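For reference, the structure discussed in these notes is given below.
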Amino acid sequence: MMEKAFSCWNNKEIESALPLKYGDLGVAAVIGWGGIQVFDTRLDIVELCYQYAQAVQNNSCGQCIPCRTGMRVLSDLFAKIRDGRGEERDLDYIKSLSIAISKASMCEIGQSSPRVFLYLLENFRDAFEATVKGGGGSGPEYSFHSLLTAPCMQACPIHLDIPKYIEEIKAGRFRESLDCIKSRLPLPGIVGRVCVRPCESNCRRGLVDESLQIRHLKRFVADYALKCTPNTRLAADHAAQLASPSSLPRVAIIGAGPSGLTCASFLAKKSYEVTIFEMLPESGGMAAVGIPDYRLPRDIVREEVAEIEQLGVKILHGKALGPHFTLEDLERAGYKAVFIGMGCHCHKSLDIEGEDRGYYGYVPGVYFLRNINLGLMDEVPKGKKMVVVGGGNVAIDCVRTAFRVGFDESHIVYRRSRREMPADSVEIDDAEAEGVKYHFLTAPKRIIGENSKVTGLECVRMELGEPDASGRRRPVEVPGSEFVIEADVIVAAIGQEGDFNCMCNLPGVEVTKKGAIIVDENLMTTRNGVFAGGDCVTGPDVLIKACAHGRLVSMAIDEFLTKGKTETLGEVLDEKFLAGLKVYDPAESIALPAGPGRVAVTHEHPSERINDFREVDKGYTADEAVSEASRCLRCYRVVMYACPDDPSNA
Amino acid sequence: MITLSINGTPIQASEGMTVLEAARQEGIEIPTLCYLKALGPFGVCRLCIVEANGPGLIHAILPSCNLKVFEGLVITTDSAVIHEIRRTMIELLLASTPLSESLRWLAIKFGVEASRFTPDKKDPCILCGLCVRVCRDRIGASALSFAGSDSNRHVVAEEIRIDKEACIGCGTCANICPVQAIKLEDMESDRKIVLYGKVASRFELVKCDICGNPHTTQEFIDSVVSRLNEEQKKGVRNLCPECARHYYAEAMTGHFTADVRGNR
Ligand SMILES: Cc1cc2nc3c(=O)[nH]c(=O)nc-3n(C[C@H](O)[C@H](O)[C@H](O)COP(=O)(O)OP(=O)(O)OC[C@H]3O[C@@H](n4cnc5c(N)ncnc54)[C@H](O)[C@@H]3O)c2cc1C
Ligand code: SF4
Ligand code: SF4
Ligand code: FES
């Protein structure tokens with residue numbers, strides 16, 4: 001029993017911290033890598049330590065002695081004290097073990113976990129001594145739950161077990177590494193190429209020298225498997241499953257984009273009968289018809305889609321929700337649940353003069369890329385000089401594609417400066433290396449045309465003013481600074497939005513003013529049994545988030561169909577809980593000397609690669625992958641929370 | 001050349017060297033279990049920890065076997081803190097592998113009389129990985145590997161596993177194992193590789209062409225020969241180490257140095 005509630009997290013004592021919650025449940029205490037927070041003073045602190053030591057031991061990889069054996073001995077000692085068999089000297093043992101484990105362990109599991117025991121012994125030794133003398137008190141019963149995370153894992157929207165898949169690469173077990181990724185993500189080859197890699201900005205190695213190339217490592221194992229056993233690789237794993245026709249209900253998925261494919265894959269693995277309705281002739285969503293082949297070769301997309309089809313998923317092309325069928329039709333056809341993953345395919349207009357004149361040579365970016373990706377070259381306007389408006393990834397994709405379809409000059413017009421560009425900085429540099437001309441602090445004013453054909457873009461210079469809501473400085477026009485950039489083709493790539501036409505005609509499904517489908521925590525729409533995720537819920541976002549939604553929905557649909565339940569999923573609650581604990585601390589100082597930094601990836605030479613759609617990045621060799629993987633610090637963190645068994649006791 | 005200091009003495013070391021190598025070069029002793037010069041660092045036994053200070057490092061405790069030297073590095077190999085942690089780790093080793101003779105020697109050397117910690121299961125192996133690495137990196141057979149646990153996916157190393165088909169019976173693992181968790185048992189012309197007390201693989205030994213004593217496995221000879229070029233292959237003789245010594249001495253000097261033919 002503790003005298004008062006207390007809180008110390010990431011080396012900061014927090015006076016009168018607000019009790020944490022797990023979902024709606026009040027938490028009695030939290031113990032973890034960052035420290036400890038006790039809200040319910042009746043909780044036996046020795047029991048909490050014992051439970052935590054056990055959880056850490058369960059997560060130990062078993063490779064280094066301090067953590068493997070040390071955590072076992074530590075939890076034995078806590079158990080001994082809790083059971084009233086403790087001796088005074090056991091507290092000293094705990095101290096010297098905690099020091100040895102935290103100082104000498106190989107990875108963060110051992111290094112970060114026992115620090116809390118040292119803190120407790122230093123500040124609350126009397127509570128331990130009391131237990132040594134009198135045994136544990138008898139208070140209410142608690143249950144203990146542990147969660148494992150890492151800074152990179154926490155930042156990854158689908159929470160891939162990154163340290164684990166890197167560890168497998170380090171040990172040369174590439175197949176196992178891929179299995180680890182695939183247990184949460186069915187599209188490693190796609191994501192391994194185009195993910196915006198939020199994990200890498202949370203990588204602790206970055207605090208020492210440079211963050212790990214987490215994405216390239218993923219691509220390496222995906223490609224490795226492809227090289228070794230193309231296409232047949234899953235067949236064996238799932239042959240048995242395919243042999244037994246599914247007896248579970250039918251589920252309909254709208255859209256074969258990353259969210260739909262991911263959802264389908266996991267549902268099929270659970271033996272649901274899944275049908276995807278896709279409006280276009282090609283599967284993959286924006287991964288196929290948005291992202292150009294030089295970043296993501298079509299074969300990779302097709303290969304991964306084929307693998308999902310091998311699980312028994314049916315994909316029907318040329319079938320659009322709205323024009324061809326309705327939600328009611330699906331219901332009548334016996335589908336018990338629907339997932340809408342239809343993305344954001346409509347373009348946002350520039351709202352400038354000349355845009356609605358129907359000039360030849362003016363085209364929205366998503367359509368420009370889609371037509372090229374679908375091989376509809378007749379639909380793509382021709383010319384020598386192209387100007388793209390926008391600063392995001394879509395704009396960069398358009399401006400880099402220009403050279404590859406025969407333009408001689410390619411320009412980009414962006415109203416803020418390079419620093420504010422939302423596009424990936426690597427992409428911005430790559431485009432520059434290929435010869436793209438940037439016009440920063442420049443905004444479009446008017447599309448100029450002659451004989452119903454585009455001839456130029458009138459622009460105006462901008463300067464940066466006060467920061468706006470997004471924290472970026474707001475650009476303001478410099479009066480009188482208008483000028484014209486000559487152009488044969490103008491591409492507008494300032495964003496996409498949802499298909500209002502379709503979305504707003506789904507009875508019972510509510511949509512926001514901005515054109516996003518409204519969902520609850522489990523991603524169910526306002527219509528029972530109809531779920532939605534990906535870009536059509538978030539607005540234009542990133543691929544891995546769409547996959548994460550697809551995966552979550554697969555679990556939500558399973559719960560919904562088996563238990564009829566709509567309670568918030570455990571995964572969602574875990575995620576929210578961890579988000580409150582600051583898994584990555586950018587101010588942390590890590591006592592390690594800087595190494596040589598990341599292993600660079602080789603690229604096709606710019607002057608060569610702009611002539612066709614060959615893949616620009618070449619990917620790692622096995623040796624390169626292993627040495628990059630060896631840079632990982634394995635920053636796993638274990639956290640545990642205790643809840644009273646009887647919530648009315650809280 | 002890089003200048004660093006170890007235990008207060010300035011030391012010169014060449015770029016790329018580890019602190020362990022630099023220290024050993026100066027005759028400064030740092031205990032190791034999982035390091036061998038021929039295999040390089042592995043970093044799991046953590047016995048080789050030292051205290052490191054210098055640019056970016058304040059009282060950092062790091063394994064010296066994979067810490068590269070750099071300018072201005074200040075290393076202490078025997079501070080009270082290091083000593084205390086090292087002793088605790090030796091106690092942990094004793095608690096996990098209490099029957100090992102060599103660990104007991106290590107303990108005595110570091111003044112550990114007995115472990116404060118009670119052993120629970122008596123593990124024969126400390127998972128140092130030397131056998132796995134020598135088999136993979138030196139012998140090229142890759143017969144040994146770390147095995148995780150079936151019940152707990154977080155466990156990367158629970159035990160060592162052997163792939164019987166890949167094992168060539170050379171016995172290098174048994175020679176290298178610091179705690180005799182792998183043993184080589186030769187009886188006449190029968191060789192057993194015994195892992196954790198169980199016979200893991202079995203071979204028939206071939207006889208030396210000169211003395212006729214059984215000395216190695218055909219699989220080992222084949223594996224060595226497969227790595228030679230045609231010229232080298234011509235010089236291969238099936239000889240036991242003893243006879244080989246005499247044989248090659250004779251080849252060089254013209255005298256067969258002892259009459260071992262058939263009477264050993
Ligand atoms: C040019 C471009 C480049 C991008 N680059 C990156 C990048 O580098 N990294 C990154 O992480 N993200 C990138 N993105 C974003 C990423 O592609 C999307 O976030 C992701 O594809 C969204 O997945 P989704 O499943 O929600 O929707 P989508 O991928 O848009 O898929 C939706 C699918 O539904 C189909 N569909 C639509 N309406 C209907 C209907 N009524 N009936 C039937 N089917 C329908 C569509 O044809 C499509 O196949 C990029 C996007 C674009 C446009
Ligand atoms: S070093 Fe490894 S475990 Fe740590 S954050 Fe980076 S990738 Fe994740
Ligand atoms: S068997 Fe011996 S050499 Fe191999 S890991 Fe175990 S202790 Fe080390
Ligand atoms: S010798 Fe350095 S960790 Fe084992």
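The values are calculated or read from the model by the stated rules, or taken from the named source; none is laboratory data. Note that the coordinates shown come from a computational prediction; the quantities given were computed from them, not determined experimentally. As a convention, Cβ positions derive from the backbone with ideal geometry for all residues, glycine included, and neighbour counts pool all protein chains shown. Surface areas here come from the heavy atoms of the whole protein model, side chains and all, with no ligands, DNA or RNA. Shrake-Rupley method; radii C 1.70, N 1.55, O 1.52, S 1.80 Å.
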Tell me, yes or no, whether the range A:489-505 has at least one residue that is touching a residue at least 60 places away in the same chain (Cβ under 8 Å), among the polar types (S, T, N, Q) and under 22 Å from A:P444 (Cβ atoms).
yes
I'd like the full set of residues that are assigned to a helix (DSSP H, G or I) and either small (G, A, S) or not assigned by TED's automatic domain parsing to the domain that holds A:P507 (or both), limited to the range A:558-570.
A:G570
How many residues are within 12 Å of ligand 4 (Cβ to nearest atom), outside any loop (DSSP other than H, G, I, E, B) and open to solvent by 20 Å² or more (accessible area, probe 1.4 Å) when one looks only at the range B:17-60?
3
Of the residues B:E101, B:E84, B:E91, which single one is within 30 Å of B:A60 (Cα to Cα) and loosely packed, with under 15 Cβ neighbours inside 10 Å?
B:E84
Scan of the range B:197-208 for residues that are over 20 Å from B:A141 (Cα atoms) and open to solvent by less than 80 Å² (accessible area, probe 1.4 Å), ordered by number:
B:G197, B:C208
Filter the range A:590-605 down to residues that are open to solvent by 60 Å² or more (accessible area, probe 1.4 Å) and under 26 Å from the mean Cα position of the chain (by Cα), then give me how many there are.
4
Options A:D520, A:D585; residue that is within 21 Å of the chain's Cα centre (by Cα), within 30 Å of A:V305 (Cα to Cα) and open to solvent by 20 Å² or more (accessible area, probe 1.4 Å):
A:D520
Let me spell it out: the conditions are (1) away from chain A (no Cβ under 12 Å); (2) open to solvent by 30 Å² or more (accessible area, probe 1.4 Å), and B:E71 meets all of them except one. Which number is the exception?
(1)
Taking A:M462 and the conditions (1) open to solvent by 40 Å² or more (accessible area, probe 1.4 Å); (2) under 30 Å from A:P606 (Cβ atoms), which numbered condition does it fall short on, given that it satisfies the others?
(1)
For the range A:381-402, which residues satisfy the criterion of being open to solvent by 10 Å² or more (accessible area, probe 1.4 Å) and over 17 Å from A:Y362 (Cα atoms)?
A:G392, A:N393
If A:K576 passes every condition in (1) within 25 Å of A:R184 (Cβ to Cβ); (2) at pLDDT 95 or above; (3) open to solvent by 30 Å² or more (accessible area, probe 1.4 Å) but one, which one does it miss?
(2)
Being outside the structural domain of A:A28 (by TED's automatic domain parsing), within 16 Å of ligand 3 (Cβ to nearest atom), open to solvent by 10 Å² or more (accessible area, probe 1.4 Å) and within 35 Å of the chain's Cα centre (by Cα) is the requirement here; does A:A171 meet it?
yes
So which residues in the range B:74-107 are part of a loop (DSSP other than H, G, I, E, B) and either facing chain A (nearest Cβ under 10 Å) or more than 27 Å from B:I182 (Cβ to Cβ) (or both)?
B:T77, B:D78, B:S79, B:T97
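Yes or no, residue by residue, for (1) in a loop (DSSP other than H, G, I, E, B); (2) under 14 Å from A:M342 (Cα atoms):
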| residue | (1), (2) |
| --- | --- |
| A:E521 | yes, no |
| A:C536 | no, yes |
| A:I544 | no, no |
| A:A548 | no, no |
| A:A556 | no, no |
Selection over the range A:308-364 where residues are under 30 Å from A:K453 (Cβ atoms) and either touching a residue at least 40 places away in the same chain (Cβ under 8 Å) or open to solvent by less than 30 Å² (accessible area, probe 1.4 Å) (or both) yields a count of 19
Return yes when A:R42 is over 29 Å from the mean Cα position of the chain (by Cα), away from chain B (no Cβ under 14 Å) and open to solvent by 10 Å² or more (accessible area, probe 1.4 Å) and no when it is not.
yes
Out of all the residues in the range A:316-326, is one or more more than 14 Å from chain B (Cβ to nearest Cβ), of a type in the set (F, W, Y), more than 16 Å from ligand 2 (Cβ to nearest atom) and outside any strand (DSSP E or B)?
no
Within the range B:163-207, restricting to residues that are assigned to a loop (DSSP other than H, G, I, E, B) and polar (S, T, N, Q), the one that is nearest to the chain's Cα centre (by Cα) is B:Q180
Residue, surrounded by the fewest Cβ atoms within 10 Å (Cβ to Cβ), within the range B:141-162, restricted to residues that are assigned to a loop (DSSP other than H, G, I, E, B) and more than 14 Å from chain A (Cβ to nearest Cβ):
B:A141
Do any helices (runs of 4 or more DSSP H) entirely within the range A:171-226 hold 1 or more residues that are at pLDDT 95 or above and touching a strand residue (DSSP E or B) at 6+ places or on another chain (Cβ under 8 Å), and if so, which?
A:188-194
Within the range A:99-115, is there a residue that is more than 14 Å from chain B (Cβ to nearest Cβ) and open to solvent by 20 Å² or more (accessible area, probe 1.4 Å)?
no
From A:D76, A:D24, which residue is charged (D, E, K, R), within 14 Å of chain B (Cβ to nearest Cβ) and open to solvent by 20 Å² or more (accessible area, probe 1.4 Å)?
A:D76
Taking the range B:172-184 and keeping residues more than 9 Å from ligand 3 (Cβ to nearest atom) and open to solvent by 80 Å² or more (accessible area, probe 1.4 Å) leaves B:N175, B:K183
Residues of the range A:599-650 classified as farther than 30 Å from A:S143 by Cα and part of a strand (DSSP E or B), total:
2
Can you pull out every residue in the range A:532-546 that is buried (at least 24 other Cβ atoms within 10 Å of the Cβ), more than 12 Å from A:M286 (Cβ to Cβ) and either touching a residue at least 60 places away in the same chain (Cβ under 8 Å) or not assigned by TED's automatic domain parsing to the domain that holds A:A287 (or both)?
A:A532, A:G533, A:I544
Residues that are crowded, with 24+ Cβ neighbours inside 10 Å and within 13 Å of ligand 2 (Cβ to nearest atom), drawn from the range A:178-204:
A:R197, A:C199, A:C203
Any residue in the range B:110-129 that is under 14 Å from B:E84 (Cα atoms) sitting within a Cβ distance under 9 Å of a residue that is in a loop (DSSP other than H, G, I, E, B)? List the pairs, counting only those 6 or more apart or interchain.
B:F110/B:P31; B:S115/B:P98
Only one of A:P540, A:P586 is under 30 Å from A:V511 (Cβ atoms) and in a loop (DSSP other than H, G, I, E, B). Can you tell me which?
A:P540
